[in-house]
1. Residues C:S49, C:S31, C:S68: which one is within 9 Å of another protein chain (Cβ to nearest Cβ) and closer than 30 Å to C:M180 by Cα?
2. Among the candidates C:L205, C:L218, C:L210, C:L250, which residue alone is without any contact (Cβ under 8 Å) to a residue 60 or more places away in the chain and open to solvent by less than 20 Å² (accessible area, probe 1.4 Å)?
3. What is the one condition in (1) modelled with pLDDT under 95; (2) out of contact with any Asp or Glu (no Cβ under 6 Å at 6 or more places or on another chain); (3) farther than 21 Å from A:I161 by Cβ that A:P311 does not satisfy?
4. May I ask you to say which residue of C:S120, C:S80 is of a type in the set (S, T, Y), touching a His at 6+ places or on another chain (Cβ under 9 Å) and more than 13 Å from chain D (Cβ to nearest Cβ)?
5. Considering the range C:192-202 alone, what residues qualify as being open to solvent by 10 Å² or more (accessible area, probe 1.4 Å) and within 14 Å of another protein chain (Cβ to nearest Cβ)?
6. Restricting to the range D:241-261, count the residues that are among the charged types (D, E, K, R) and over 15 Å from the mean Cα position of the chain (by Cα).
7. Out of B:T202, B:T241, which single residue is more than 21 Å from B:C163 (Cα to Cα) and part of a loop (DSSP other than H, G, I, E, B)?
8. Among the residues of the range C:224-242, write down those that are at negative phi and either open to solvent by 10 Å² or more (accessible area, probe 1.4 Å) or in contact with a Gly (Cβ under 6 Å, 6 or more places away or on another chain) (or both).
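The values are calculated or read from the model by the stated rules, or taken from the named source; none is laboratory data. Here the structure is a predicted model, which is why all the values come from computation and not from measurement. A quick note on method: Cβ atoms are made from the backbone with ideal geometry, for glycine too, and the neighbour counts reach across all protein chains shown. In case anyone asks, the SASA skips ligands and DNA or RNA and just uses the protein heavy atoms, side chains included. Shrake-Rupley method; radii C 1.70, N 1.55, O 1.52, S 1.80 Å.
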Protein chains: 4
Amino acid sequence: MIIVMKPNVIEQDIKNVINLVEDHGLKTHLSTGDQITIIGVVGDKSKLSKCNIELMGGVEKIVPVTESYKLANKKFNMNSSIIKVRDVEIGGNKFVIMAGPCAIENEKQIIETAHAIKKSGASILRGGAYKPRTSPYSFQGLEEEGLKYMAKAREETGLPIVCEVTSLKSVETAYKYVDMFQIGARNMQNFYLLKEIGKTNTPVLLKRGLSATIDEWLNAAEYIMSEGNKNVVLCERGIRTFETATRNTLDISAIPIIKHKSHLPIIVDPCHATGKRAYVNPLSKASVAVGADGIMVEVHPNPAVALSDGPQSLPPDEFELLCNELKPFSNLVGKTL
Amino acid sequence: MIIVMKPNVIEQDIKNVINLVEDHGLKTHLSTGDQITIIGVVGDKSKLSKCNIELMGGVEKIVPVTESYKLANKKFNMNSSIIKVRDVEIGGNKFVIMAGPCAIENEKQIIETAHAIKKSGASILRGGAYKPRTSPYSFQGLEEEGLKYMAKAREETGLPIVCEVTSLKSVETAYKYVDMFQIGARNMQNFYLLKEIGKTNTPVLLKRGLSATIDEWLNAAEYIMSEGNKNVVLCERGIRTFETATRNTLDISAIPIIKHKSHLPIIVDPCHATGKRAYVNPLSKASVAVGADGIMVEVHPNPAVALSDGPQSLPPDEFELLCNELKPFSNLVGKTL
Amino acid sequence: MIIVMKPNVIEQDIKNVINLVEDHGLKTHLSTGDQITIIGVVGDKSKLSKCNIELMGGVEKIVPVTESYKLANKKFNMNSSIIKVRDVEIGGNKFVIMAGPCAIENEKQIIETAHAIKKSGASILRGGAYKPRTSPYSFQGLEEEGLKYMAKAREETGLPIVCEVTSLKSVETAYKYVDMFQIGARNMQNFYLLKEIGKTNTPVLLKRGLSATIDEWLNAAEYIMSEGNKNVVLCERGIRTFETATRNTLDISAIPIIKHKSHLPIIVDPCHATGKRAYVNPLSKASVAVGADGIMVEVHPNPAVALSDGPQSLPPDEFELLCNELKPFSNLVGKTL
Amino acid sequence: MIIVMKPNVIEQDIKNVINLVEDHGLKTHLSTGDQITIIGVVGDKSKLSKCNIELMGGVEKIVPVTESYKLANKKFNMNSSIIKVRDVEIGGNKFVIMAGPCAIENEKQIIETAHAIKKSGASILRGGAYKPRTSPYSFQGLEEEGLKYMAKAREETGLPIVCEVTSLKSVETAYKYVDMFQIGARNMQNFYLLKEIGKTNTPVLLKRGLSATIDEWLNAAEYIMSEGNKNVVLCERGIRTFETATRNTLDISAIPIIKHKSHLPIIVDPCHATGKRAYVNPLSKASVAVGADGIMVEVHPNPAVALSDGPQSLPPDEFELLCNELKPFSNLVGKTL
């Protein structure tokens, strides 16, 4: 942490800051320039969490130099983590494809989809039972009934299942059914929910918030991990920008950045990122090439009658084509698919 | 709703769309131009919620022309709503000031603050018992203990109290203590939580999400109102942009826009919007001048030792000065303070 | 400037950085912590402009602590500047209103507007002769012919005139006619143009770029000032964000920030910021209240037939009402209008 | 174009709008619903460019349904364009790599770089002679001297050269030397400059503005094309968002969107998009995979002493590695490199 003092700061103000910091057991280094004076602070800055140094006389600003997340930080765990969802390993040598409908609509739809995606090469079945929708008048999901259909689809196909949870109540229900919890973009900073799933040992797919910085995202992962659950997989799904040609803007750079800052696996959701089916194929290829550990794709037996996100869902034949086209890219980056 | 067809669309595709729409009991109007063909749809578009017209052959895009929120819409309720928090009316002839510490730290702090803000002219006491913090290692709030101190402060001063809730559990606890629930920016699209407080009759202060459009914000209000609780007050608290000179960017235009689109009252939180104490005073004046119904300001007896948001909190003397300076502006816009 | 070293940096890397910095005549201060090592650099950092320290072994990142603009910086000129446009002082005790049509259309239109705005209380006449338009097929301005009409309007009313320039050629032409150059948002970083007008002594109204940070904006002012022309007035006109309810998002906080960081005057353009006539009145009041030195408003004798920006232009009667309503706000902040 | 009327609009207002539109030679289609009335307008809407229908009585808003660019629009030219820069074809079967230093520093640097990049597989040499820099105190470029070195490098290696131009004066000078003009992000809406290069027949590399929508970008291309110069290549180089972990946010989706909306070729600049050398390699692979026609990469013989953008420049050995690693990706998408 660096404390930048105001120009023309008086001697006493500098002394006060130094005394305060050292009284809390940290060390300081003073640099006095012609234009500016800075005080470097060395040691565990959490000891200063109750001091608002920014408000002390003569202080211009505080410049942090270390990240506040620890467990998610690559600096403290140099090896890439591999997260197991049943027998599927995410973050290892396999490029993992999660696929399925945005919303679970009925038993037939989900079973049919499960068989189709398995055949094409997907390893995990996704499906929404609790749907966060912008308008209260849109379809909100089948809840537990939907989870039962998902469990049945797993029974028939052997595919592990991932479902979004949106409240403690849904965690309690879903816990009995699912192999992986999904935290959606809107709940990325629902810290209460993060802590609750942090107390379980179920793997978690943590989507990036619409306007979350990478730093905030890793801090959200830290909320889960600091409660004991280390099985976190990140999912880039587009951020909100001024551009309206796509639903969101896929931040493809987030993948190498996360690989640089964290040991956690990261996958890409090209459907929510763009909102348009036609862009899912090229963006999936880009995701493989850039080094992601997998993708999550919306597949629906008949997108034209999907209750949610039809325009960004692939029909089974396009999904099969996608999987086939991804294979050689996957091989190029040294992963199986 | 308008359906824009692709250039060179074939006759049969146009017929299919028209048939589908009319089969659902709506009317269509066809406009055929040299370059483009459009189909206007007239009637209750919710009847089409299970059809993904965007995916039909020949369709280029759908252009919505009406808002999806009803109860929050000024078109369906032309009179400005006045929301009562105990005997304090928000949205009427009073410019309402809510003030208090970001986080409740102990009994003495909150009681002292309550007396100070009441003396200066505030009408409602704020204080956080459940604190959503970016890092899990920051102070998380006193929870029920804090609510008890708030209730005691109300007893001593007569000021109604507003507290943030972040989960069903905190709603159940806070329900017994507070006069107004606050939904924070991070939970604006925690739809489960919105529905739960929609089932109570406690007034709600709904903060705008970090990257929520005005449309999404009013839809979030609709979630609460559609469950029966019509007592919603909106709070603009800054949006996320590329500018880093302030913590967020106060979207001051949101006030006249909300006044144009909705009948709900709206207040401004200049502290979270900027993150810097020095800017609270000028932005509060701007808020009065632009037509807001009130402001929410962080006040702490000693910001330098505040456990949360010290840099953006006012000490009592600056708050008193602020209230005094706001009075003549308030009078100019025809409101008492 | 602070150099943050990587965790586990080796001794030799630290030495190399220190040697390089000191070889360029600057001083260093080393702080070695458990987790991190930082090197504070004291002295004129421009001496290091040819060294990419970020690329040296063991370096994690560079944290700048001082601004790169000097002449525009309040730290080096504590007194607020007053810029004179003929006899109108901007930045002093007067709240200055600039008004006129977006585009000059003909002699009658501009003369009529000039008389109307003068009567209502405006001090400076604006009008566009060179129009930057998103599409090449939109009206592009009358060029020199328009400037002649503006000069005639000045002759008749005594109002100084401000016109946008978009190229060296237009500067050379406009120089003979106008009292103040305007640099539009799209040209804020047209550095060639900035330097050219920096060589004149004509006052400049420098609009903020659509996505310019406050820091970049002050650096753009520095381009003009470093060539010799110190007569710069800033104009906040809205920034680009995700919100689509307004054309742009007025960053009202920019006014107190600029007052804090710079000695230059700043005005607000509420018309471009919102794009809607109905919001001009409340945002103008907010601009007075927040401490701006003036506003720039689009006025057209008949907005319904304006060739550019009709929807955000005021007719003369609404403009008169606006001026009358601004007066008491202006008095409250100690300014005449 | 669709005109949406206000709820409760009166008959006469509807008639007025219809009359105005039809008086200009266009046709209308009226749709009257329970909640809303809309008027579809069919025909050449440029005939209405002098009417501000938005301001007419009873009108709520105008919804455009067609794009304003024609020459750049895929709807009017279904075949992908191939742009020739000397004998290098962009947009065809070759994945084109442009490489070279951010700024030309001296003859030796540019000649050395040219040989190195040619050897590794680049087809076009880039180098900046006119540098737009945020601060006026940063290195501004060698201007004509630099262009001479570039020409010499072309003579030695046979590589065509591309250089940024920032003013009419630099266009006039560079015209004699370069094979392709580059318009930088800051000048994307410098319409005067666009028109000037539109009058030449030199190919143009048009970078996307920092906060330009795809629609604005294609309109900028239209400015060049409508003056006669059809040889435009687009370059995605990152947009400005709230994320600060990278210099800008690479909008990778822009590539399939442009391929969908326009026939012009598009390349990617991963260096400016991220600002960090370590991310150039993975983002280049993603660019190939997503379907771009090429990339532009900054290469410097010794980035540590580069006068501009050192931290995002590759040394020759890393560039060679990049080219080698891109080849198999390029083959996968059916392009040679």
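1. Details: C:S49 fails: closer than 30 Å to C:M180 by Cα; C:S31 fails: closer than 30 Å to C:M180 by Cα.
Exactly one of C:S49, C:S31, C:S68 is within 9 Å of another protein chain (Cβ to nearest Cβ) and closer than 30 Å to C:M180 by Cα, namely C:S68.
2. Values: C:L205 fails: without any contact (Cβ under 8 Å) to a residue 60 or more places away in the chain; C:L218 fails: without any contact (Cβ under 8 Å) to a residue 60 or more places away in the chain; C:L210 fails: open to solvent by less than 20 Å² (accessible area, probe 1.4 Å).
None of the other options fit; the residue is C:L250.
3. All conditions pass for A:P311, except number (2).
4. C:S80
5. Of everything in the range C:192-202, those that are open to solvent by 10 Å² or more (accessible area, probe 1.4 Å) and within 14 Å of another protein chain (Cβ to nearest Cβ) turn out to be C:Y192, C:K195, C:E196, C:K199.
6. The qualifying residues number 2.
7. B:T241
8. Within the range C:224-242, C:I224, C:S226, C:E227, C:N229, C:K230, C:N231, C:R237, C:R240, C:T241, C:F242 meet the criteria.
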